1. Would you please name the residue that is nearest to the chain's Cα centre (by Cα), looking only at residues in region 49-58 that are part of a helix (DSSP H, G or I) and surrounded by 10 or more Cβ atoms within 10 Å (Cβ to Cβ)?
2. Which number in (1) over 17 Å from residue 57 (Cβ atoms); (2) not in a loop (DSSP other than H, G, I, E, B) marks the one condition that residue 18 misses?
3. Every residue in region 1-14 that is part of a helix (DSSP H, G or I) and under 10 Å from the mean Cα position of the chain (by Cα), please.
4. For residues that are loosely packed, with under 12 Cβ neighbours inside 10 Å and either assigned to a loop (DSSP other than H, G, I, E, B) or in contact with a helix residue (DSSP H, G or I) (Cβ under 6 Å, 6 or more places away or on another chain) (or both), tally how many sit in region 22-47.
Amino acid sequence: MRESLLMTKAELARKAGVSPLTVDRLEKGGGCRVSTKRKILLALGLKLEDRHRVFPEE
């Protein structure tokens, strides 16, 4: 999703207020808090209802 928006990991991390390591871990399938997922979704310009587009396990 991030790449389709031509956004780097660092840009997404900065926009979401998380570390680039967190973005990297998520992209590799690692887990995170619900609050972090919310930040990522909003930084990508998505609604919370669209979480399955970024987090398919939801």
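Just so you know, all these numbers are worked out from the coordinates, no wet-lab data involved. What you are looking at is a predicted structure, and each value in this text was computed from that prediction instead of being measured. Virtual Cβ from ideal backbone geometry, glycine too; neighbours counted across all protein chains shown.
1. First, the residues of region 49-58 that are part of a helix (DSSP H, G or I): 49-54.
Those still in the list that are surrounded by 10 or more Cβ atoms within 10 Å (Cβ to Cβ) too: 50-51, 53-54.
Numbers: 50: 12, 51: 9, 53: 10, 54: 7 Å.
Among those that are part of a helix (DSSP H, G or I) and surrounded by 10 or more Cβ atoms within 10 Å (Cβ to Cβ), it is 54.
2. (2)
3. Scanning region 1-14 gives 9, 12, 13.
4. Here is the first cut: in region 22-47, the ones loosely packed, with under 12 Cβ neighbours inside 10 Å are 28-31, 33-35, 45, 47.
If we keep only those that are either assigned to a loop (DSSP other than H, G, I, E, B) or in contact with a helix residue (DSSP H, G or I) (Cβ under 6 Å, 6 or more places away or on another chain) (or both) as well, we get 28-31, 33, 45, 47.
Counting residues in region 22-47 that are loosely packed, with under 12 Cβ neighbours inside 10 Å and either assigned to a loop (DSSP other than H, G, I, E, B) or in contact with a helix residue (DSSP H, G or I) (Cβ under 6 Å, 6 or more places away or on another chain) (or both) gives 7.
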